[in-house]
1. Which of (1) crowded, with 20+ Cβ neighbours inside 10 Å; (2) over 30 Å from residue A:71 (Cα atoms) does residue A:115 not meet, given it meets every other one?
2. Going through the stretch A:1-44 one residue at a time, which ones are within 28 Å of the chain's Cα centre (by Cα), over 19 Å from residue A:83 (Cβ atoms) and either outside any loop (DSSP other than H, G, I, E, B) or among the acidic types (Asp, Glu) (or both)?
3. Among the residues of the stretch B:63-77, is any farther than 30 Å from residue B:421 by Cβ, more than 14 Å from chain A (Cβ to nearest Cβ) and modelled with pLDDT under 65?
4. Scan the stretch B:329-354 residue by residue and report those that are at pLDDT below 85 and loosely packed, with under 14 Cβ neighbours inside 10 Å.
5. Would you confirm, using the coordinates I've provided, whether residue A:112 is within 14 Å of chain B (Cβ to nearest Cβ), within 17 Å of residue A:140 (Cβ to Cβ) and out of contact with any Ser or Thr (no Cβ under 6 Å at 6 or more places or on another chain)?
6. In the stretch A:72-87, which residue that is farther than 21 Å from residue A:134 by Cα and not in a loop (DSSP other than H, G, I, E, B) is farthest from the other protein chains (Cβ to nearest Cβ)?
7. Tell me which of these residue A:47 doesn't satisfy, since it passes every other one: (1) within 13 Å of chain B (Cβ to nearest Cβ); (2) of a type in the set (Lys, Arg); (3) buried (at least 17 other Cβ atoms within 10 Å of the Cβ).
8. Return yes when residue B:587 is under 22 Å from the mean Cα position of the chain (by Cα) and either assigned by TED's automatic domain parsing to the domain that holds residue B:542 or among the basic types (Lys, Arg) (or both) and no when it is not.
Amino acid sequence: MTLPESIGKLKKLQTLEFNYITDLETLPQSIGNCQDLQSLQLNYCEKLRKIPSSVGRLRKLRVLHIIGCSSLQQLLLEFNGELSNLMTVNLHGCCGLQDLPTTLSCPKLRTLDLSETKVTVLPQWVISICTLECLYLQNCEELLDLPKGIINLKNLEVLNLVGCSKLQCMPSGLRQLTRLRNLGSFAVGCGGDDARISELENLDMISGHMEITNLKYLKDPSEAEKAMLKRKNIWSLDLSWSSSQTKEELVSDVEQDQCVLNALEPPSKIMFLKICGYRGPILPSWMVKQNDSSCCAGILFKQASLCPFFL
Amino acid sequence: MSGMEAALAFGLSKVVGNKLVSLVSSEFAAITGVEKDLSELQSLHADITSWLSMLHDRAMESDPSLRWLIKLRNLLNDMYDLLDEVYLQDEKQRVDRDHGKHAIAVWFCGKPKLLLFRWKVAHKIKAIKVEFDAIVNQKSDANTILHNLHLDQLIQSKNKITREPSLLSNNKESKIPSRDHVKSEIILELVASKKGEAGRIVSIVGLGGSGKTTLAQQICHDDKIKGHFKGRIFWIHVSQEFCRDKLIGKLFEAIIGQKSDHHAQQHMIRVISNKLSGNKFLLVLDDAWHEDRHDWENFMVLLDNGAPGSKILLTTRNQSVLEAVESKAIFKLAYLSVDESWSFFLKTCGWVEEDLSYAFIPVGKDIVKKCGGVPLAIKTLGSVLWERRGINTWRAIRESNLWDEENIEARVFTSLKLSYIYLKDHLKQCFTFCSIFPKGCKINKHYLIEQWMAHGFIKLKKEELAHDIGNEYFDSLMRAGFLQDRVETLPQRSVSCKMHDLIHDLTHYILQNEVVTSQPKNMTDSSQNCRYLSLTSCSGNVERALFYKVRAVHVSGGNPSFDNLVKKSFYVCSVVLDYAVDTPFPLFVLKLEYLAYLEIHHVSCPKLPEAISVCWNLQSLHFISCKGCDIT
């Protein structure tokens, strides 16, 4: 289905939604004439390839949803003009999307959902939106890096990084994001500039599911202790000594593994706990305690071959 | 009936008032000269409003002497139509002008049509005035009402009541202890392994609003059930219309989690039986009405593949359904006792008895008693009492003669009527608009709000967005229990809700012949009053006369034809076409010049017609599951 240019004559249009239009490829340029448009939603349009540049002229736009459009590879190179009312951009599941615009001015943006896309880096404009509250990046398997400036987004409540398997470290200064309630994943880095796990210390609002990867790089158990996982409202925890994808041989010190795991005591109401690549000789004392509690529904060990308990 | 008439008139009057205020001061009014006419209309409206507000305390009486209210309501409807006409003209000029960039005065030169328009408006206002005077002369009791006013003094309750009612919270735990007992008995029955067919169908039977669906939902959320059926729990809303094809579609959607539109029935049956084969499952058939044994057998055959121990949980109001499906395990929901009713009422309001001062307790208990132990009745009326904390209002509700009903069903309905009468005036139209959705249908919150906007039901305050106000209205209706079952779906984070069947009945009871759900066999004068046209699985031509006053159209399934409509300027503001199968683009839409909201499902057209711009007033456009032609 295609749309006629005359759509631009609908001056009062506030909402335009196309869901599951399997053969919609683009919108006419005249869409930029619908100056009252506040909500533009193009969801699950498999063949959608292009968004017309005139969308940048829609100054009243508040909501832009382009969800599950698998053929979309880029969302315009640049947006000229300011989308000064834009509050929500949702590009969830545009699994071909690699490039975000290099410039985009949306000073009031609160929610940006890039989950399940192919983005590799976050462009500079993202970290300049100080109103940003929710940044969804789960399952961005190509995401290599988080920009350093992300720690300046003081209003951030959600920074969901679950399943960002190429992410090898977190920017230091993470502790400044004190409003964070959903982080999803923390990759222990090996570089000097990377955030240490102790930065989680005061992020006590973090809740829900949490993964901690690359624990092999964690040399100092006291840092793990400082993370204070116990104080957080987490009900599901994955601890992994390697990064979540690679299965390389681990050369690590079994004693150290044990100390680290001991220090990463989860809250007592944890329901799901998964541990991968742990080589310590015995289970930590807190786990014995956990086993008594009825809350602990499932504990799963993977690759914990050296652990005598599981031989 | 007059009580409802008055309540409806309040709501209507509110909307008319809002429209008037914004129009009188518009530039358009000044230039076209309808300004004076409109101020006349405004003073007329003020009279009506003061009348109605005097009636407020008598509104819940069923009083034959108030029959003139019906006329008043029709009059308000006429005013509403007229104002819309002026408003749309204004809007149209504005849009045209913006387009051509002419100054307003220049634009008006050489537009004799507008003189004609002004004349028309003046003429219509005159007719309204004549009608109003006639009503005034007819009714003699207006003055008596005037002199018998008693003010409702607000008696402060002992402690400040600040807690929010818990109606909104999606609380899984039940607020009725005795229901927990039934729940655990049903759960035992469901997990029991019995040989043969004996215990396969477990049923919950009870009056409308007695909490069958709520109970079934709680059972599905129970950990024991989830564990026993390993999460294979499916839910189908059966509803009054029993159609095997549709049920197969619903079953497919419930089990596979995909839309059923594009699949052939044989394919769906195969997939369903594969999926169920050898597995233990629980299927909830909610709200079953059909009584034909043979039809049921034909449907149940589809479910034979499951592993032993698979169960069906059926809810119904009708005992005969149980015989038709040969259910042996039957749980009848008892009415709540007076004490239970009272404690349920307190819980839904978020109160404890100590929060209420002494005067309120006996009155509240009496009211709750009248609800006959039916949770829905207690809940909706409870939300009214929660909001209106004047003892006189409570007393007035208790003493209403609407309660003079012998049978319990009618009494439950009375409690709903009273809840509507006390609903805030600006919500009344928003609520009755929901009559257009078919029973049991999922209502998308954003779509609903946009439809309210299209009809001008939302009063804009300064600096606030219509959507935000719409959200408030929606939440209020949820709190009042008029909408329920709020669900949020990811990733769009869209919210939908449902309407209880009895509440749906209420909207139709209120609107009478203003809402039409099937094509009348004979057109009568009353069918020309139709404002909301909701057609489910209908086909054939829609009569032009039926369309005369229609403002909203909702088509679900079927393919009714609107080709008979030759007149261009119908005041249709919203159209929803939820076709079940791919259908060509319905061209009648392009005749609806004032259309503000258009939602279309399953249309196939290679290109949306260029002429769509004729609908210059369009504010919302939704296309869902559409595609180009099949021929490639």
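1. Only one criterion is unmet by residue A:115, namely (2).
2. Once the filter is applied, which keeps residues that are within 28 Å of the chain's Cα centre (by Cα), over 19 Å from residue A:83 (Cβ atoms) and either outside any loop (DSSP other than H, G, I, E, B) or among the acidic types (Asp, Glu) (or both), the stretch A:1-44 yields A:18, A:19, A:43.
3. Taking the stretch B:63-77 first, the residues farther than 30 Å from residue B:421 by Cβ are none.
Within the stretch B:63-77 (the criterion being farther than 30 Å from residue B:421 by Cβ, more than 14 Å from chain A (Cβ to nearest Cβ) and modelled with pLDDT under 65), the answer is no, since none of the residues qualifies.
4. Of all residues in the stretch B:329-354, those at pLDDT below 85 come to B:348-354.
Correct list: B:352, B:353, B:354.
5. Working: within 14 Å of chain B (Cβ to nearest Cβ): yes; within 17 Å of residue A:140 (Cβ to Cβ): yes; out of contact with any Ser or Thr (no Cβ under 6 Å at 6 or more places or on another chain): yes.
It is true that residue A:112 is within 14 Å of chain B (Cβ to nearest Cβ), within 17 Å of residue A:140 (Cβ to Cβ) and out of contact with any Ser or Thr (no Cβ under 6 Å at 6 or more places or on another chain).
6. Taking the stretch A:72-87 and keeping what is farther than 21 Å from residue A:134 by Cα, we get A:72-74, A:76-81.
Then keep just the ones that are not in a loop (DSSP other than H, G, I, E, B); that gives A:74, A:78-81.
Values: A:74: 20, A:78: 26, A:79: 22, A:80: 23, A:81: 20 Å.
That would be A:78.
7. It is condition (3) that residue A:47 fails.
8. Working: under 22 Å from the mean Cα position of the chain (by Cα): no; either assigned by TED's automatic domain parsing to the domain that holds residue B:542 or among the basic types (Lys, Arg) (or both): yes.
Criteria not met by residue B:587.
The values are calculated or read from the model by the stated rules, or taken from the named source; none is laboratory data. Predicted model only: the values in this text are computed from it and were never measured. We place every Cβ from the backbone using ideal geometry, glycine too, and count neighbours over all the protein chains shown.
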